[in-house]
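What follows is a set of notes on a single structure, which appears directly below.
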Amino acid sequence: MALKATEAVNIAAMKVYGIPNCNTVKKAIDWLKANNVSYEFHNFKKLGIAPEKLQEWDSKAGYEKFLNKQGLTWKQLDPAVKATITGSAEALALLQQKTSMIKRPVVEHNGELLFGFDEEAYKEKLLYIKQLEQ
């Protein structure tokens, strides 16, 4: 369910990381627009990702949350390379080289992170933000 236009939430600090042609990113963006949520978009394909940002996400959530092992890029990866991913250092180095392996989208706001698109989690997050702004 979308918020009414009069209930628009201005979330200037929200940042959405992803790839524009990813179907999951498209669903998330469509949902944000339908709910009048403003955001800044960071395109992995054009801008890459800083190692410091990956380290920040890892320290907050653990790389396992955003290393997408369900995607085609991981599935096509050489088994010998997969075997080298035994901890954060190896995983983050791989994610920086192959940003398409990051679970998308990544939504950052107020130090919190959402990975992928889950409409219920987005609703909960918006309600929380709306309460803070009132």
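Please get the size of the charge dipole for the range 78-125, origin at its Cα centre, with Cβ charges of +1 on Lys and Arg and -1 on Asp and Glu, quoted in debye to the nearest 20. Before the final figure, lay out each step's value.
Details: 6 positive and 8 negative charges, 41 e Å.
Roughly 200 debye for the range 78-125.
What accessible area per residue, rounded to a whole number of Å², is obtained for the range 8-61 using a probe radius of 1.4 Å?
Numbers: 2850 Å² over 54 residues.
For the range 8-61, the per-residue accessible area is 53 Å².
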task = Taking 7 Å along the Cα-to-C-beta vector as the label spot, tell me the Lys60-Lys27 distance in nanometres, rounded to one decimal.
result = 2.2
request  = Could you compute the FRET efficiency for Glu112 and Glu90, with r as their C-beta to C-beta distance and R0 at 35 Å, rounded to 0.05?
outcome  = 0.85
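Between Lys15 and Asp78, what FRET efficiency follows from the Cβ-Cβ distance if R0 is 35 Å, with the result rounded to 0.05?
Details: r = 32 Å, r/R0 = 0.92.
The value I calculate is 0.60.
The values are calculated or read from the model by the stated rules, or taken from the named source; none is laboratory data. Keep in mind the model is a prediction, meaning the values are calculated, not measured. A quick note on method: Cβ atoms are made from the backbone with ideal geometry, for glycine too, and the neighbour counts reach across all protein chains shown. Just the protein is used for accessible areas: all its heavy atoms, side chains included, with ligands, DNA and RNA removed. Shrake-Rupley method; radii C 1.70, N 1.55, O 1.52, S 1.80 Å.
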